[in-house]
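To start, the structure itself, in structure tokens.
Any read-out appearing in this document is the output of simple, stated calculations on the displayed coordinates, not a laboratory observation. Keep in mind that what you see is a predicted model, and the values were worked out from it rather than measured. In this analysis, Cβ positions are derived from the backbone assuming ideal geometry, glycine residues included, and neighbour counts consider all displayed protein chains.
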Amino acid sequence: MRLFRMSLLPLFAIVVFAHSSFSFANGNFKLNAAGAFFKTTDASGCIETTIDISGQRQVGKWATTSLVETFIHRRDTCQGIDLIRASESGDQHVEIEAHSLFRFDVQGSVTVFDFVTQQSYVMDVDLAWVGQGNITTTNSSNQHSQIRDATAKGAILFNGGNLVTGRSFSASIEQIKTHSN
């Protein structure tokens, strides 16, 4: 699970850095985020699907926002061709509920653009993360950060089919609180 956590840290660092300057000028800021990596192979052994998805719920002095970022890749490994290569591209209608490091839920729809077909699709997301294991805490003069391994499961409906079968290959939940001095 460490491999996935390392891939998420740059994303969280960018989000925290971008919003840290906002929080210093405007008071306290809180970010709840979760990420998951799903990987499946069909019965033929040829069609491999990977999904990297993260959700963020940001609470600041002036606003609360929710955001989902995702990358979907489906490949026919026997023929060596991409079937889907999509990422979020615009409209999002999502609800995110963050329950500290114990549970994180994402429900709603996200518009994704498929670079293979050159078309946009609406992807429906209904995922739940459940925290498990130890919590790692990091503190600095203006930031308190905690991260925990998790398991994610649910559904990601894309172009008529559910891309998620079973639990995530790896997942984590993170909470970051900043405060001005």
Taking H placed 1.01 Å from N in the peptide plane, check which residues at least 5 places from V116 or on another chain put their amide H under 5 Å from its amide H. R85
Can you compute the charge dipole magnitude of the stretch 2-178 about its Cα centre, using +1 on each Lys and Arg Cβ and -1 on each Asp and Glu Cβ, nothing else charged? Give it in debye, rounded to the nearest 20. 680
For K177, counting only aspartates and glutamates whose alpha-carbon sits under 17 Å away and dropping same-chain residues fewer than eight positions off, the answer is E97
So what does log10 I(q)/I(0) come out to for the stretch 2-178 at q = 0.09, 0.13, 0.16 Å⁻¹, using the Debye formula with one equal point on every Cα and no solvent? -0.33, -0.66, -0.95
A chain fully extended from T64 to R103 at 0.36 nm per residue, minus the present Cα-Cα distance, gains in nm 12.2 nm
Taking R0 as 22 Å, what FRET efficiency do you get between L83 and A128 from their Cβ-Cβ distance, rounded to the nearest 0.05? 0.20
Just to confirm my numbers, what's the Cα centroid distance between the stretch 108-181 and the stretch 33-80 in Å? 8
